[in-house]
Amino acid sequence: MTDPLNRFSNRAESYALHRPGYPAGILEILKSECGLTSNSLIADVGSGTGILSELFVKNGNRVFAIEPNSAMRSIAEHRFEDSKQFVSIHATAESTTLEDSSVDFVTAAQAFHWFDRSRVRLEFARVLKPAGWVVLIWNERLLDSSRFLRQYEALLLRYGTDYEKVRHEKVTGEIADFFYPQTFKLKTLENAQHFDFESLKGRLLSSSYTPDPEHPNFRPMLTDLEEIFHANQKAGRVSFEYETKIYYGQLSR
C-alpha cells in the first residue's frame, strides 16, 4: 500500500472541495451521550482539510487538528485562518505532541484505517483526560441503493489501484478490539451528496485509490464515469447516499 502519509498529497484540493461533510446530528449525539459542551477540548486526529474540525469549531470548541500531510494541512489552515479556535499541528496519530490528559475528546474521521492501531490506542489514552471519549466517524457510501451507485462501485472495482484493500468495511470489524476491554456504541445518521458531472469527477479524483492522470487507465475511467453519469442523471444530477457511522467509547488505562 502507498505511504498513507503522502497518498493524498496530490488530491488535497479535490478532497476539500468534493468530500462530504458530516451531519450536525453528530453534535447532538455527543452532547447527550458523552457530555460534549462548547468548552470541550477536541483532538481531531488525521484532520485532513478540516471537514470534521469545522463541525466542532462552529460548536465553539477549541480543536487541535493533528495532520501530517502538508498539502491537506495547508488547506485546513487557510479554511480556519480567521478562527482562534483551530490549532493546526504537524504531527501523526501515533505521536500527536499533545500533553498528557489534555483533551476531552479524540476524534478521527475517515482516517482510522491508516493508523497503527496498537500505537494509536496508547497515544489516545495518554492525551485523553480521565473519562474522555474516542469518537471514530465514517461516511460510508451505500453500494447498492440505486443503479447509479451499483455502477459507480463497479467502476471503482474495475479501475481502483488498491480499492479493495483500503475500503472502510475492511477495518470496522476491528473497532471492538481497539476499545477492548471497554465497550463502545454505534449510532448511524443519513447523509448525502448531489453532483453535476464536474463535481462527480472531482469526487472520484479525491479518492487515493484512483489512477493518476499519467496512468493508462485514467482516461478510460473518466470516459466510463461520464457514461454512467448520463445514464443515471436526473435534471443533470446524481446522488451519493451515505450512512454516517459514529463509534464512540472510552479507553481503559
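What follows draws every value from the coordinates through simple rules; no lab data is involved. These numbers were taken from a predicted model, which means no experiment stands behind them. For neighbour counting, all protein chains shown are included, and Cβ atoms are generated from backbone atoms with ideal geometry for every residue, glycine included.
Taking amide H atoms as placed 1.01 Å from N in the peptide plane, the amide H of N191 lies under 5 Å from those of Y242, T244, each 5 or more residues away in sequence or on another chain.
Taking label points 7 Å from Cα along the Cα-to-Cβ direction, E33 and K234 give a separation of 3.1 nm.
Here the label points at E227 and S252, each 7 Å from Cα along the C-beta direction, are separated by 5.5 nm in the simple model.
Subtracting the Cα-Cα distance of K84 and K187 from their residue separation scaled by 0.36 nm leaves 34.0 nm.
May I ask you to list the GluC sites (Glu not before Pro) in the stretch 75-121 that are in a DSSP loop and have at most 10 other Cβ atoms within 10 Å of their Cβ?
Details: sites: E77, E81, E94, E99; in loops: E81, E94, E99.
In loop regions of the stretch 75-121 (DSSP not H, G, I, E or B), the sparsely surrounded GluC sites (Glu not before Pro) are E81, E99.
Between L122, L142, F112, the Cα set farthest toward the positive side of the dipole of the stretch 112-154 (charges on each charged residue's Cβ, about the Cα centre) is that of L122.
Against the chain, whose longest principal axis is taken from its Cα atoms, helix 117-127 shows a tilt of about 40°. Relative to the longest principal axis of the Cα atoms of the chain, the long axis of helix 218-232 lies at roughly 80 degrees.
Between the helical axis of 70-79 and the longest alpha-carbon principal axis of the chain there is an angle of about 80 degrees. What the Cβ-Cβ distance of E241 and S74 gives, at R0 = 25 Å and to the nearest 0.05, is a FRET efficiency of 0.20. Taking N as the residue count of the chain, its C-alpha radius of gyration divided by 2.2 N^0.38 Å amounts to 1.02.
The trypsin sites (Lys or Arg not before Pro) of the stretch 70-136 that DSSP puts in a loop, and whose beta carbon has at most 11 other beta carbons within 10 Å, are K84.
About the Cα centre of the chain, what is the dipole size in debye to 20, counting +1 per Lys and Arg Cβ and -1 per Asp and Glu Cβ, all else neutral?
360
Only DSSP H runs of four or more residues enter the estimate; each adds -39500 (n - 2.57), and after division by the residues of the chain the mean residue ellipticity at 222 nm equals -10500 deg cm²/dmol.
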